[in-house]
Amino acid sequence: MTRSFRNPILYFSVALGLFVTCGTALYIYGSQSTFPGNVTIAGWRVGGMSYAEFQSESEQRLKRLAAFPVLLHASYPEVPAKELSLGQLGIRYDRSLLTQSLQQLTSGSPFERAKARWTLRNANIPLNVSLDPTQLSATVKDSWEELYSKQPVAAKRILKSQDQVDYEPERNVLRIDTAHLQEQLQIIAPSLGTLTHTAPLGLSLPIYELSPSITIASLKQQGIDGKISEFTTSFPQSGEGRVHNIRATATSIQDYLMAPGDTFDYSKIIAQTEAKFGYKEAPVILNGSLVPGIGGGICQVSTTLYNAVLRSGLEIVERRNHSLPVSYVPLGQDATFANGYINFKFRNNTNSYIWIRTITTDSAVTVKLFGHQTPTITYDIASKIVETIQPPVKYVNNPSLSPGLERPISTGKVGYKVETYRTKRENGTIVSKELISKDQYSPVPTVIAANRKGLQTEDPAPKQPMVEDGVSTLAVQ
């Protein structure tokens, strides 16, 4: 055989041998069931450790990590120290990178496993630390249950003697800052390679004070610094039902607070009072006459409030006088209410809040308005009768009377046209005078019975019966 023929065979044999040798080496290298020599996992040296041994040991270490104690303490005596485990505090160890690396070493072709083994030969595979904030929050609240049972108490505006505005301060409570605590736990949490002792980790609890939504500062920002007006009306010798109705309605506006620009709606107060306290029987006005009804007296509260509003300079949005004169205020200074017909509204046209306070006794009701005091400015209210309207005579038919005979049934009452003015003074000097209202109180006719042709036997029923100073008549119920 010639030399030129032998050389290719030799080369092929050598190449084949090298290929088999390398392939065998790669297969053996990639098929090892131990970690490469210098591999660490989260600081834990696992080089040379079998995969089976690693699985068992890592599970034990992760359990020990979850049970690892942390001593949480604070400088506040109200917050006692507690020892809790990392698992209780919501610490979680993410094994996804570890699992991915282990799969590369144990799956795929021999070449792929050998490549992964070579790539990871000096690697430090991390074990990411995460924290479940829901678990942390629940553990904190359960562990310091007494601390979390206390709630902040809002500041309160109060009145001292002589109507001086004062405040009861808010009461804050201590809370654990779980967001900050979460950050601290993730920083100090031990890893797989640092489980060298069992002494608990010490950690100072981040504490903050939780304030209520209403504080002295927020109350003072409302600008209420004193009384701006007050008005009282009397109701001597009123029945039990009327006293109840007045007291209940006044209670409903107690501590009513109006922001700048707010409009007070008396109809809402009536609805709230009826739902909460109920109204009792007391005379009401039905189409200009006093009749038995429910809710009589509610207009004494609206009238008292109206007069306090007039004397504070606030803007009247809606108001109407009674159809009949009332005894507790001068003509032109009353404010009636008829559900669905007549309402009383006013607007806070100042730059500060308005605070309503009421006092009710068995014979009088007082409304006080508080806001930003301007001692140099005062308001006077005056009403004048511009016309007196004589009562007309009204005849009704009575066939039982002799022809030509008349019999008085009721004496009429005069009516009035009234104008009311509000005068504003600054340092005693008049700066403005405005017409507040023009009111008319219709006269009540004198009624005489007679036997005449063409006279009505009785009055026709009104098209729309309107109940004033109450919520209903007894006949309606």
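The values are calculated or read from the model by the stated rules, or taken from the named source; none is laboratory data. None of the values given here were measured: they were computed from a predicted structure. Cβ placement follows ideal geometry from the backbone for every residue including glycine, while neighbour counts extend to all protein chains displayed.
Summary of values
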| quantity | calculated |
| --- | --- |
| Search result, residues across segment 55-69 that are in a helix (DSSP H, G or I) and without any contact (Cβ under 8 Å) to a residue 24 or more places away in the chain | Gln55, Ser56, Glu57, Glu59, Gln60, Lys63 |
| Residue match in segment 281-298 (condition: part of a helix (DSSP H, G or I) and assigned by TED's automatic domain parsing to the domain that holds Met466) | yes |
| Positions within segment 138-167 being closer than 28 Å to Ile354 by Cβ, of a type in the set (D, E, K, R) and exposed (fewer than 13 other Cβ atoms within 10 Å of the Cβ), in sequence order | Lys160, Asp163, Asp166 |
| Residue in segment 390-402 that is closer than 20 Å to Ala308 by Cα and at pLDDT 95 or above present | no |
| Scope segment 227-280; condition surrounded by fewer than 15 Cβ atoms within 10 Å (Cβ to Cβ) and either assigned to a helix (DSSP H, G or I) or outside the structural domain of Gly295 (by TED's automatic domain parsing) (or both); matching residues | Glu240, Lys268, Ala271, Gln272, Ala275, Lys276 |
| Subset tally (residues that are free of Cβ contacts under 8 Å to residues at least 24 places away in the same chain and of a type in the set (Ser, Thr, Tyr)) for segment 384-435 | 2 |
| Boolean, Tyr93 is of a type in the set (Ser, Thr, Tyr) and modelled with pLDDT of 85 or more | no |
| Residue tally, condition in contact with a Pro (Cβ under 6 Å, 6 or more places away or on another chain) and surrounded by 21 or more Cβ atoms within 10 Å (Cβ to Cβ), over segment 287-321 | 1 |
| Exclusive hit being out of contact with any Ser or Thr (no Cβ under 8 Å at 6 or more places or on another chain) and at pLDDT 90 or above, set Ile381, Ile377, Ile430 | Ile377 |
| Inter-residue pairs, beta-carbon under 7 Å, first polar (S, T, N, Q) and in segment 240-255, second not in a helix (DSSP H, G or I), 6+ apart | Asn245/Tyr279; Asn245/Lys280; Asn245/Ala282; Asn245/Gly295; Asn245/Gly296; Asn245/Gly297; Gln254/Arg357; Gln254/Thr358 |
| Residue list for segment 303-318, restricted to those being out of contact with any Ser or Thr (no Cβ under 7 Å at 6 or more places or on another chain) and either among the basic types (Lys, Arg) or free of Cβ contacts under 8 Å to residues at least 60 places away in the same chain (or both) | Tyr306, Leu314, Glu315, Glu318 |
| Any chance Val129 is farther than 30 Å from Val291 by Cβ, touching a residue at least 24 places away in the same chain (Cβ under 8 Å), in a strand (DSSP E or B) and not assigned by TED's automatic domain parsing to the domain that holds Ile359 | yes |
| The lone exception for His180 - which of (1) farther than 30 Å from Pro292 by Cα; (2) touching a residue at least 60 places away in the same chain (Cβ under 8 Å); (3) assigned to a helix (DSSP H, G or I) it fails | (2) |
| Listing of strands (runs of 3 or more DSSP E) fully contained in segment 348-415 that carry 1 or more residues being farther than 23 Å from Ala250 by Cα and assigned by TED's automatic domain parsing to the domain that holds Lys160 | none |
| Index of the failed condition, Thr366 passing every other in (1) modelled with pLDDT under 95; (2) surrounded by fewer than 22 Cβ atoms within 10 Å (Cβ to Cβ) | (1) |
| Unmet requirement for Ile188, which otherwise passes all of (1) surrounded by fewer than 15 Cβ atoms within 10 Å (Cβ to Cβ); (2) farther than 21 Å from Ala81 by Cβ; (3) not assigned by TED's automatic domain parsing to the domain that holds Phe277 | (2) |
